[in-house]
Amino acid sequence: MRFMTKTLELPQILDMISKYAKSDTIRNEILNIEPMTDLVMINKQLDEVMDMTTLIQRAGLLPLIEDYDVHELLKYAGMDRVFSIQELLYIRLFLVMERDILKYYKEIQKNKISTLSLSEYFSSLHSHERLLEYIQSKIDEDGQILDDATPELLKIRRDLSRFDKNLQDKLQKLLTTYSSYLNEMVIVIRNERYCIPVKDTFKNRIKGVIHDVSSSKQTVYIEPEATRQITAEIEQLKIQQEKEIQKIIAMMSEEVHQAHASLKDNLDLFLTFDFISAKAQYGILLNAVKPKVNTEGTISLIKAKHPLLDQKTAIPIQMELNKDFKTLLITGPNTGGKTVALKTVGLLTLMTQSGILIPANEASNIAIFDQVFADIGDEQSILQSLSTFSSHLNKIIEMINHVQDNTLVLLDEIGSGTDPNEGVSLAIALLNYFKSFDVRMMVTTHYSELKSYAYEQSHMGTASVAFDKKTLKPLYYLQMGTTGSSHAFLIARRLGLKEEVVADAETVYQGRQTDLAKVMEKLNDEMLYIEKQKEKLGQEINELKTAKQEYQLSREKLMKDQERIIENIKIKEQKKWDDLKDEVRDLIKELQNKQELSKPEVAALKHQINQGIDPDQSHRFIDELKIGDEVYIIPYQQYGKIESIKNDEYRVIFGKFDLEFQASNLRKEQPKIDSKKRVQPVKTTQGETPERNAKLELDLRGYRFEEVKDAMEQAIDRALLSGLSSLRVIHGFGSGAVRKAVYDYIKSSPYVKTHRFGGEGEGLNGVTIITLK
């Protein structure tokens, strides 16, 4: 595998990322990143960096400290090595960082921040809270062993404090006692002993040991004999203190040795976090994203920027290569962005294969290549590239010798640096050779012959760098499907070349320009116009899509509000109706007990109550009614005739009754009788009024036992309303369950006078004839 990372400036990207690392180990690892070719591993690293980006933006940076890497120390852990105070301080700091990271993890769990691909790392962390507490109980942040680290040390230090106070008190008394012999009333230290400055003439007056003499020989520094015993005690205590401190250090070291395996595990996880975090922080700087990644050779960059350019002012590019268009020829003026486009595609490919987010739209697609070749000159030179033709050719020879399928080839100003005719021929030959492999290529050129060649090749696409002819300034973005001019004459005018020279050059150029070139130039202008129209149309389509989405959302909200309102109304009205029905039922029972109503009137009231709410009542079309119309009375489910109309009240005669109704309770159409109830009027002789004289028949065949009671009650109510005195009930033979239900109802009904089985021609025992009171 060959990746020309230096040409495409990947090392510069890695150097910038490394500055975000907290440890030298990870800094070096980042600087030595090599592009990967394993799609699974690439996606894994990109996902981790993307998740870390989200985590940093929502919860802040992981609390990694500078130079936390205790790898060198931990390699001795478990080997019975006694650490130094400085090393223990370093381990203590590592444990504090570990505690803070575990707190960080608990916090993101509490706030339900998804860590996705990082969860496994976080959940694998070990806690060494007990070890940290142990070390903190022995040593402070400055590396001083605490007094109460052990009871023995505490006793020694208390004794030291006491003896030191005694020493100071003794010295102060000696200063007073020998004040006349002293040059100064001060206590000084010489050879680590407390001394008093005695005049040379009195040195024999004070018993003690001379430790020093002043340069003038006028003062001798004497350790008084009276303090030497105390000093000796202090020295002995200091020896005991040092032994106890070494013992405490050994104890702390042993605790570290006991936890060395889990400490190494945590260190590896912290290094992993550091690696991912450095990439994520650089990605945040660029506002970078994870692109889609594929192994089909598809490159589709959307709003992509070169990461080393100022992201606020850099012009994004859009381009595409795929299995149908394997090679892209880019034309346009110098300083117009052709080289930047090549470098952008190459560098973003290398970054993706290195697990680094890229500055582009997240819908962008990056192919994974086994090799990336690049021959790119000075991107801003208007003159010939500073590289010689030989240098270019040497790079191309290396590509030719090592090219294979699934390679990305980037060639800047192909065929330049030599005779134009020979350069064009060589360029076409190179393109033909690379065509025999399944590679993806991007090529820049000024040669018109290569533009013609590209139009003849089905596998090649074209693009040009946009150029503003009015301002004579390059616009730096790519226009796919077009070829561009070098605009040499326009640039020459802009730079101040005499008009007569430019005009002469244009005349010569037009004379040498072929018909094909002229056609291509015209075609190119038309394609540019079409591209602008497509862009405009695309914007309008997007606006329409947005408006459509807003309309759909508004419509859905309106429908939901309407359904909710209707449902609330239904619930309220049903409750009102149920309450009213309960009241009326209670009233009917009360009136029945008082026997103040006739039986037909009671049946009429019961029938009206049992009708319930008509769900279609609010939507029913009310016909225009007039006197004499035959109508169907909805609440009573009876036919009648309008006798008179007064103040929107319709007086209707039906059966034995003469009542007033609202128009909404009446309609002209024929009634629809519920087939389940199967209550059918018996045909009457000519001239009889059906409502007043017809016999009713109730067919209960097919009914269940529990359905019989309601059917009987409704049939008897209707019969009473119609003034009928009998009812024929068909219950059939069957198992006898329906017949039993009929007879159970007859026994409990106050409206049945007599009953009998049917006679000959009436249905025999399959029918019961009921006489009503």
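Quick notes
- If you check 82, 96 for being closer than 30 Å to residue 129 by Cβ, among the aliphatic types (A, V, I, L, M), more than 31 Å from the chain's Cα centre (by Cα) and modelled with pLDDT of 95 or more, only one passes: 96.
- Residue in the range 83-105 that is farther than 30 Å from residue 362 by Cα, assigned by TED's automatic domain parsing to the domain that holds residue 266, in a loop (DSSP other than H, G, I, E, B) and not small (Gly, Ala, Ser) present: yes
- Test: residue in the range 323-335 that is over 24 Å from residue 414 (Cα atoms) and of a type outside the set (D, E, K, R): no
- Matching strands (runs of 3 or more DSSP E) fully within the range 643-708 where at least 2 residues are modelled with pLDDT under 80 and within 30 Å of residue 740 (Cα to Cα): 679-681
- Residues (surrounded by fewer than 20 Cβ atoms within 10 Å (Cβ to Cβ) and either part of a helix (DSSP H, G or I) or not polar (S, T, N, Q) (or both)) located in the range 28-41: 28, 29, 31, 34, 36, 38, 39, 40, 41
- Cβ pairs under 7 Å, 6+ apart, first in the range 186-200 and in contact (Cβ under 8 Å) with a residue 12 or more places away in the chain and hydroxyl-bearing (Ser, Thr, Tyr), second outside any strand (DSSP E or B) and surrounded by 21 or more Cβ atoms within 10 Å (Cβ to Cβ): 194/227
- Residue within the range 172-192 that is of a type in the set (Asp, Glu) and at pLDDT 90 or above present: no
- Selection status of residue 374, small (Gly, Ala, Ser), surrounded by 23 or more Cβ atoms within 10 Å (Cβ to Cβ), outside any loop (DSSP other than H, G, I, E, B) and modelled with pLDDT of 90 or more: yes
- Residue in the range 743-751 that is surrounded by fewer than 22 Cβ atoms within 10 Å (Cβ to Cβ), at pLDDT 85 or above, β-branched (Val, Ile, Thr) and not assigned by TED's automatic domain parsing to the domain that holds residue 658 present: yes
- Long-range neighbours under 7 Å by Cβ, at least six apart or interchain, first residue touching a residue at least 60 places away in the same chain (Cβ under 8 Å) within the range 219-235, second hydroxyl-bearing (Ser, Thr, Tyr) and not in a helix (DSSP H, G or I): 227/194; 231/194
- Scan of the range 66-119 for residues that are among the basic types (Lys, Arg) and surrounded by 13 or more Cβ atoms within 10 Å (Cβ to Cβ), ordered by number: 81, 92, 99
- As for the range 182-191, it holds no residue that is surrounded by 12 or more Cβ atoms within 10 Å (Cβ to Cβ), part of a helix (DSSP H, G or I) and not assigned by TED's automatic domain parsing to the domain that holds residue 90.
- Between 222, 206, 248, the distinction of being at negative phi, in a helix (DSSP H, G or I) and outside the structural domain of residue 25 (by TED's automatic domain parsing) belongs to 248 only.
- Those residues of the range 631-652 which are within 21 Å of residue 720 (Cα to Cα) and of a type outside the set (Lys, Arg), in sequence order: 631, 632, 633, 634, 635, 636, 637, 638, 639, 640, 652
- Filtered residue count, the range 115-152, keeping only those that are within 38 Å of the chain's Cα centre (by Cα) and without any contact (Cβ under 8 Å) to a residue 40 or more places away in the chain: 7
- Any chance residue 640 is on the phi > 0 side of the Ramachandran plot and either modelled with pLDDT of 70 or more or not in a loop (DSSP other than H, G, I, E, B) (or both): no
- Scan the range 209-248 for residues that are hydrophobic (A, V, I, L, M, F, W, C), under 25 Å from residue 169 (Cβ atoms) and at pLDDT 90 or above and the total you get is 9.
- Filter result for residue 339 (part of a helix (DSSP H, G or I), within 20 Å of residue 444 (Cβ to Cβ) and in contact (Cβ under 8 Å) with a residue 12 or more places away in the chain): yes
The values are calculated or read from the model by the stated rules, or taken from the named source; none is laboratory data. For clarity, every value in this text was computed on a predicted model and none was experimentally measured. Please note: Cβ atoms are built from the backbone with ideal geometry, for glycine as well, and neighbour counts cover all protein chains shown.
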